Amino acid sequence: MEKSQENSKKKVAVHTLGCRLNFSETGSIAQGFVDRGYEVVDFGNSADVVFINTCTVTDKADSTCRNLIRKAHNSSPEGKIVVAGCYSQMEPEAISGMQGVDLVLGTTEKYKVFEYLNEEEENKVFVDKTHEFYGAASTPSEGHTRAFLKIQDGCNYVCSFCIIPFARGRSRAISIADAVEEGKKLIENGFKEIILTGVNIGEYENNSGEKLSELVRQLLDLEGLERLRLSSVEPNTITDELLEVMKSSPKFLDHFHIPLQSGDDQILSEMRRKYSISEYKKVINKIISAFPEAGIGADIICGFPGETEEQFQNTYKLLKELPITHFHVFPYSKRKGTTAAKLDNHIHHDVKKHRVKSLMMFGDAKLSMFAEDQVGRTSEVLFERRNKEGLWEGYTTNFVRVELDSKENLKNQVRTVHLTSARNGRLQAEFIH
Ligand code: SF4
């Protein structure tokens, strides 16, 4: 392309907050801009359109969104500022009143951003509750070597702390045939690893009428796909059949993310989670029997209303007992409109902070031990990028970050490496000679 042509391209800056699903969706939308002739520039640079895909999972996420909107207006005072996603769905009026905001799009409307940008409408808020399914796959414009394939959206559960069902609506899913087609496209686009995402992907069968295990089986059969994993799966939805299919192929990686939230049965029941501690333990043990070296992540909420020190210690003890390697710890955050927000026994901020800190420190220690245990072994690593120190970085199959010194361009290559040492939960590696 001629340089003058390149310079005349319209520019779009995108920013994502929140979960992997949001990142996957921003990927699809950014690719839509690229297909329409836009150049994607870094957020904070001047752009014709700034697209912010928001999150509303905590109060902090809301205030971060508002800061980002101000930043976007400062860097692109003439640009169109589009605020989309979960926070827009929940608080459209508050956002549309902010200086510089041109369009507010809900969780479904965000995919129609191109149509709305072409309209000279007076109304700048488009938020409805029909919740169709949009945006099956992420794309190269996301800039990652791992592709997120969205197979499900929304949630029919009613966890008492969670606002997501209000923001994303009822659960729905794409068919196996459509998911396989999207998977093929991602492979054609050069991706070697696909991560299946959704809000509650374990509900796939209830939403699509087809089995998640069958979807996984068909994706594993795709030629050119080297690695497949699932993002977060609710423990009560992991079936023996699904585990059998995962185990049947070396392409399925030994890394899982199984939300726990609390290690205390009473708190779990007040959270309206759909499993008990003994059921959670059973699932983790089944995973470890099928994948003995698995890396297992878990979300944990500290300081749910009424959580006593003893109940918190039950969580700590459970995490000590189980082979959970990646802790994702959050303080309980009150969300207006949820059942838990109405409880009158909220925990003091300092107590929550203390509990979060102690679990995070424990999590760091467990991840370090997990990494150290792997020293001396070999692993297949998908390399992603060179870090600031000039080392190539990627992840082992069980999701430990690996660093390797090489002059070769390793981006998007899966290579077998020898894990030589570990430091702060990371592994150092070299090629096998
Ligand atoms: S399963 Fe529970 S925590 Fe997860 S999105 Fe649904 S309601 Fe929220």
(message) So if I average 1/r over every pair of distinct C-alpha atoms in region 3-126 and take the inverse, what Kirkwood radius in Å does that give?
(response) 14.3
(message) Let's see if you can work this out: charge +1 on each Lys and Arg Cβ, -1 on each Asp and Glu Cβ, no other charges. What is the dipole magnitude of region 365-433 about its Cα centre, in debye to the nearest 20?
(response) 180
(request) Restricting attention to the chain, give the cysteines that have no other cysteine Cβ less than 4.7 angstrom from their Cβ. (result) Cys19, Cys55, Cys65, Cys86, Cys155, Cys302
(request) Using only alpha carbon positions, build the gyration tensor of region 140-355, then give the equivalent ellipsoid semi-axes as the square roots of 5 times its eigenvalues, largest first, whole angstrom. (result) 32, 20, 15
(message) Please list 3J(HN,Hα) in residue order for region 73-83, calculated via the Karplus relation 6.51 cos²θ - 1.76 cosθ + 1.60 where θ = phi - 60°; whole Hz, with x for glycine and proline.
(response) 5, 5, 7, 9, x, 9, x, 8, 9, 10, 10
(request) Count the net charge of all other residues whose Cβ sits under 15 Å from the Cβ of Val83, scoring Lys and Arg as +1 and Asp and Glu as -1. (result) +1
(request) Would you kindly work out the equivalent ellipsoid of region 241-319 from its C-alpha gyration tensor and give its semi-axes, the square roots of five times the eigenvalues, largest first in whole Å? (result) 28, 12, 10
(request) Set Lys and Arg Cβ to +1 and Asp and Glu Cβ to -1, take the dipole of region 1-126 about its Cα centre, and tell me which of Met90, Leu17, Leu103 lies farthest positive. (result) Leu17
(request) Sort 415-422, 54-61 for me by packing, meaning the mean count of neighbouring Cβ atoms within 10 Å per residue, highest on top. (result) 54-61, 415-422
(request) Report the charge-dipole magnitude of region 140-355 in Debye, nearest 20, computed about the Cα centre from +1 at each Lys and Arg Cβ and -1 at each Asp and Glu Cβ. (result) 580
(request) Could you work out, for region 378-431, what percent of all Cα-Cα pairs fall into each 10 Å distance bin, beginning at 0 Å and stopping at the bin that holds the largest distance? (result) 29, 64, 8
(request) Using amide H atoms built 1.01 Å from N in the peptide plane, name the residues 5+ places from Lys80, or on other chains, whose amide H lies under 5 Å from its own. (result) Val49, Val50
(message) Using a 7 Å offset from Cα along Cα-Cβ at Gln218, what residues in region 146-162 end up with backbone N under 15 Å from the label point?
(response) 150-152
(message) Report, in listed order, any pair from Lys317/Lys357; Lys71/Lys353; Lys9/Lys184; Lys353/Lys388; Lys124/Lys150; Lys281/Lys317 with a Cα-Cα distance greater than 21 Å.
(response) Lys71/Lys353; Lys9/Lys184; Lys353/Lys388; Lys124/Lys150
(message) I'd like the FRET efficiency for Asp364 and Asp42, computed as 1/(1 + (r/R0)^6) with the beta carbon distance as r and R0 of 35 Å, rounded to 0.05.
(response) 0.70
(message) Cut-off is 10 Å between beta-carbons; in what order do Lys342, Lys150, Lys407, Lys247 appear when sorted fewest neighbours first?
(response) Lys407, Lys342, Lys247, Lys150
(message) I'd like the per residue volume of the convex hull spanned by the Cα atoms of the chain, given in cubic angstrom.
(response) 158
(message) Could you order the peptides 106-118, 361-373 from most to least packed, using the average number of other C-beta atoms within 10 Å per residue?
(response) 106-118, 361-373
(request) Within the set of other residues whose C-beta is less than 9 Å from the C-beta of Gly37, count the net charge using Lys and Arg as +1 and Asp and Glu as -1. (result) +1
(message) If neighbour count is taken as other Cβ atoms inside 10 Å, put His257, His349, His73 in order from fewest to most.
(response) His349, His73, His257
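Taken together, the values in this text are just the output of simple stated rules run on the coordinates, not laboratory data. Just so you know, these numbers come straight off a predicted model, no measurement behind them. Neighbour counts run over all protein chains shown; Cβ positions are idealised from the backbone, glycine included.
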